[in-house]
1. Between residue 261 and residue 88, what is the FRET efficiency for a Förster distance of 45 Å, r being their Cβ-Cβ separation, to the nearest 0.05?
2. Pick out, in residue order, every one of the chymotrypsin sites (Phe, Trp or Tyr not before Pro) in the range 142-209 that is DSSP loop and has at most 13 other C-beta atoms within 10 Å; say none if there are none.
3. With n ≥ 4 as the cut-off for DSSP H runs, can you work out [θ] at 222 nm for the chain, using -39500 (n - 2.57) per run divided by the number of residues, rounded to the nearest 500?
4. Which of the lysines could be linked to residue 254 by a straight reach, that is with a Cα gap under 16 Å, when you skip same-chain ones fewer than 8 residues away?
5. Quick one: if you stick a label point 7 Å off each Cα along the C-beta vector at residue 277 and residue 185, how many nm between them?
6. Which trypsin sites (Lys or Arg not before Pro) from the range 83-138 combine a DSSP loop assignment with at most 15 other Cβ atoms within 10 Å?
7. Work through the residues other than residue 171 whose Cβ is under 10 Å from its Cβ and net out their charges, Lys, Arg +1 and Asp, Glu -1.
8. What are the ³J(HN,Hα) couplings of the range 67-84, residue after residue, when phi is run through the Karplus curve with 6.51, -1.76, 1.60 and θ = phi - 60°? Round to Hz, x for glycine and proline.
Amino acid sequence: MPALDTTPVILSVIVVSADSGPSLRDCVNSVFACTTPLELLLIDNASSDGIPQAIARARENDSRLKVIYNRANLGFGPAINRAAAQARGQVFLILNPDCLLEQAALQRLLDVANTEQKAGLVGAVVCDARGVPDPASYRRDPIMQRALATMFKRNAEGVNVTGQMPDHLVEAEAVSGAVMLMPRRVFEWLNGFDEQYFLHCEDLDFCRRVRDAGWRVLLAGDVRVLHGKGGSSRHRPVFVSYYKHRGMWRWFRKFDPAAHKPHLATMVWLGIWAHFLLKIPGQWRGLMTR
C-alpha cells in the first residue's frame, strides 16, 4: 500500500497515453522531479506497449501517481474529462506524454494563472529537440479563410501567428494543447472538453469556449517546453489524420459563421476530405520507409 501523503495537492497534472512509447517514462519522471506539490493522473487509452503498467509498478509506493486504465481508446478529450473527475487539485495541467516539464516552467505557468486577471488558460511555447518552436504554440481561430491560407500556404493571415515567437506573455486566441494550465473552476464551468472530438482540434475548441465565457487565453512566451510531437501517432498516421480532419469539420460547424451558408459549408466539407485523401499516399510512403 502506498504511504499516506498529507502534502496538500495544489496541482493535478493529467497525461493521456495511447501507445506513447518510451517517451512516456521521461514525461512522468520530469513531472515528479518538480517540487510543486502535485498529483499525476496518467490515463491510458488501451495501450498495448505495457509502459503505463510498468510505470505503475515502478511507482507503486508513490501516492502522487494515479493510473487509470480505459478498456478502449476513448480519444483525448474524453480521457481528460474522466481523469479530471478523479483529480484533487484546484489547478489542472494537461500535458502531452512526449513533453518534458521543468520546475521553472511549471512555476511560471502557475504564477501567470495566479496573477493575471481573468486568466482562464495558460499555454507555453512547445519546442522540438533542437529548440525550434512549434508554430501551433500561438494560433488563431481556424475560420475558413485562415484555414485555407494555412492549407495552401498562401501569403495571407493563417491559423498560426507568423513571425518570431513571442518571448513574453501575450494574449492569444489559441495555444497548443500539448501544455495547457487552467484553474479547475474554468474547466468545470465549461464542462471540460467536447467529447465529440476524438483527436485534434479539441484544444482549439476549448480555447474558443474559454474566451467566449469571458476568460483570457494567454501564452507564456518565456516558457519553453520540450515536445517530442507525435510519439503515439507515428505508427498510425492515416488514423490520426482522419480524426484531425474530422475535428476540423466539427470546429467549423460549431464556430465559423460560414457554416450557416449551405454552399460554403459544402465546399468546406469537400475541401477537408479531399485534403485528407490527398495526404494518404505520402503518409503510407513515410510509414513504409521507417
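Bear in mind these aren't lab numbers, they're just calculated from the coordinates by the rules spelled out. These numbers come from a predicted model, not from an experiment. All Cβ positions, even for glycine, are placed from backbone atoms using ideal geometry, and neighbour counts span all protein chains on display.
1. About 0.45, to the nearest 0.05.
2. Those that pass, being in a loop and sparsely packed, are 152.
3. -12000 deg cm²/dmol
4. 244
5. Label at residue 277, label at residue 185, 5.0 nm between them.
6. 88, 118, 130
7. Residues near residue 171 contribute 0 overall.
8. Going residue by residue, I get 9, 10, 10, 9, 7, 9, 7, 7, x, 5, x, x, 5, 4, 4, 5, 5, 4 Hz, with x marking Gly and Pro.
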